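A quick write-up on the structure given underneath.
The values are calculated or read from the model by the stated rules, or taken from the named source; none is laboratory data. All values derive from a computational prediction rather than experimental measurement. A quick note on method: Cβ atoms are made from the backbone with ideal geometry, for glycine too, and the neighbour counts reach across all protein chains shown. Just so you know, the surface numbers come from the protein's heavy atoms only, side chains and all, with ligands and any DNA or RNA stripped out. Shrake-Rupley method; radii C 1.70, N 1.55, O 1.52, S 1.80 Å.
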Amino acid sequence: MTTATRSRTMLTLAELCEELAISRSTFYDWRAKRRAPRCIKLPNGDLRIRRSDLEHWLDDREDAA
């Protein structure tokens, strides 16, 4: 998988927050409560979220509403 392809399938925390229109602190609050989408923690400590995990997470929220 090329870097360009990987960047489309994985979101940075900033991209996720922008897409959901939430603050970083809201994301970290959700994560602490285990309510955030699944994340991948990179060796440098940065987080990435797979696009597919976000889509599944959003689908689950829709069913719960």
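Mind counting the residues in segment 9-52 that are touching a strand residue (DSSP E or B) at 6+ places or on another chain (Cβ under 8 Å), of a type outside the set (D, E, K, R) and free of Cβ contacts under 8 Å to residues at least 40 places away in the same chain?
Qualifying residue count for the region: 9.
If I ask for residues that are open to solvent by less than 50 Å² (accessible area, probe 1.4 Å) and part of a helix (DSSP H, G or I), which ones from segment 38-57 would you list?
Once the filter is applied, which keeps residues that are open to solvent by less than 50 Å² (accessible area, probe 1.4 Å) and part of a helix (DSSP H, G or I), segment 38-57 yields Asp53, Leu54, Trp57.
I'm checking my understanding of the structure. Among residues of segment 1-33 that are at pLDDT below 95 and not hydroxyl-bearing (Ser, Thr, Tyr), which one is nearest to Asp60 (Cα to Cα)?
Arg8
Filter segment 27-37 down to residues that are surrounded by 13 or more Cβ atoms within 10 Å (Cβ to Cβ) and charged (D, E, K, R) and give me whichever is nearest to Leu11 (Cα to Cα).
Arg31
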